[in-house]
Amino acid sequence: MRAYRIGAEQRERLYVSTTDTYDETADLDLIAIEQAVNGERTRLSKAERMYAARFLDSRGLAPAEIAYRIGTNVGTVRGWKSTGWQGGRAPQQPRTARPEPVCGEPRMYRRHLTRGEKPCDACRAANAAADRRYRLTGSTKATP
């Protein structure tokens, strides 16, 4: 006999599959997924978590509840959903390369030192100015 708190009712049990216990093509343990979907603690692989999250999302659960049940965070569930449950990251803007430093910048001062060279006067002055700004303002960036 099971006892429940007064006012607490037993939740409807969700079944991932009524016939299969293992999906060989996707390498999924459907019994473990079913346990996670129903709030029981179990270890899931990434593919199993994604399958469970997609299953719970199709049932209308909120991302926070999905994340709690499968043992991950809300951002991960939202990321999976935004990429169509593919598991990758959302596409980002391509990064642009920084321009090469030129003499007279603090970056070039550090490059001189890295190469074992003696920094030129312009680079030494730029580095000294950046150090002063950092001590006064907490930033090495020059204000426009």
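Miscellaneous remarks
- Solvent-accessible heavy-atom area per residue, rounded to whole Å², over segment 70-144 at 1.4 Å: 80 Å²
- Kyte-Doolittle at least -0.5, axis length at least 27 Å by Cα - qualifying DSSP helices, the chain: none
- Sparsely packed trypsin sites (Lys or Arg not before Pro) within segment 48-144, loop by DSSP, other Cβ within 10 Å at most 13: Arg59, Arg89, Arg95, Arg115, Lys141
- Taking GluC sites (Glu not before Pro) as exposed when their DSSP state is a loop state and no more than 16 other Cβ atoms lie within 10 Å, the longest site-free interval of the chain runs over 41-116.
- Within the accessible area of the chain (1.4 Å probe), percent carbon and sulfur: 49 percent
- Dipole-positive endmost among Ala53, Ala142, Ala122 within the chain (Cβ charges, Cα centre): Ala122
- Helical mean residue ellipticity (222 nm; -39500 (n - 2.57) per DSSP H run of 4+; nearest 500) of the chain: -13500 deg cm²/dmol
- Answer label, with P(r) over Cα pairs in 5 Å bins from 0, in percent calculated from the coordinates and candidates (i) 2, 8, 14, 17, 16, 13, 10, 7, 5, 3, 2, 2, 1, 0, 0; (ii) 2, 11, 20, 22, 17, 12, 8, 5, 3, 1, 0; (iii) 2, 8, 12, 12, 10, 7, 4, 5, 6, 7, 8, 8, 6, 4, 2, 1, 0, 0: (iii)
- Within straight-line cross-link reach of Lys118, aspartates and glutamates at Cα separation under 15 Å, skipping those fewer than 8 residues along the same chain: Glu105
The values are calculated or read from the model by the stated rules, or taken from the named source; none is laboratory data. Please read all numbers here as calculations on a predicted model, not as lab measurements. Neighbour counts run over all protein chains shown; Cβ positions are idealised from the backbone, glycine included. Note: areas computed on protein heavy atoms with side chains; ligands, DNA, RNA excluded. Shrake-Rupley method; radii C 1.70, N 1.55, O 1.52, S 1.80 Å.
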